[in-house]
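Engineer: The structure's right below; bear with me while I get my questions together.
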Amino acid sequence: MFITQAFAQGAGSTDGGGLLFQIIPFVLIFVVIYFLILRPQQKRAREHREMVASVRRGDQIVTNGGLMGKISKVTDDADDVEVEISKGVKVRVMRSMISDVRGRTEPVKSSK
């Protein structure tokens, strides 16, 4: 008796088109986040893995802790390298803690 017909008809349609328009912004946000944040981060991580895997004896490196030194011993199957940080002072450093390779040595030429 007190309810007008305008309120009774304002329920809206249930055709499913509204749901599509509610999901589209979330999909667009995910796409933007992927291309601006996730993809460049994965690329940097891949480049760092390749850099750490390719270090060899004589390379000058910088660790995450700020130590600078020259690699004196590399074992391919080990997770660490031996770094000479001063004359006669050698420390073992995990490969994952190498942040930068400053000076690369030339590869050893084959004697054929």
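The values are calculated or read from the model by the stated rules, or taken from the named source; none is laboratory data. Since we're looking at a predicted model, the values are computed, not measured. Cβ atoms come from the backbone with ideal geometry, glycine included; neighbour counts cover every protein chain shown.
Engineer: Can you list residue pairs whose Cβ atoms sit under 8 Å apart, with the first residue in segment 77-92 being within 13 Å of GLN60 (Cα to Cα) and the second being part of a loop (DSSP other than H, G, I, E, B)? Count only pairs 6 or more apart in sequence or on different chains.
Structural biologist: Matching pairs, first to second residue: VAL81/VAL55; VAL81/THR75; VAL83/LEU67; ILE85/LEU67.
Engineer: Let me ask another. For segment 71-112, give me the residue count where each residue is at pLDDT 90 or above, among the aliphatic types (A, V, I, L, M) and over 28 Å from the mean Cα position of the chain (by Cα).
Structural biologist: Selection size over segment 71-112: 1.
Engineer: Shifting gears a bit: Hey, could you check segment 64-95 for residues that are acidic (Asp, Glu) and not in a strand (DSSP E or B) and say which is surrounded by the fewest Cβ atoms within 10 Å (Cβ to Cβ)?
Structural biologist: ASP77
Engineer: Give segment 45-63 a look and list any residue that's in a loop (DSSP other than H, G, I, E, B) and either of a type in the set (Ser, Thr, Tyr) or modelled with pLDDT of 95 or more (or both), or say none.
Structural biologist: Matches in segment 45-63: SER54 only.
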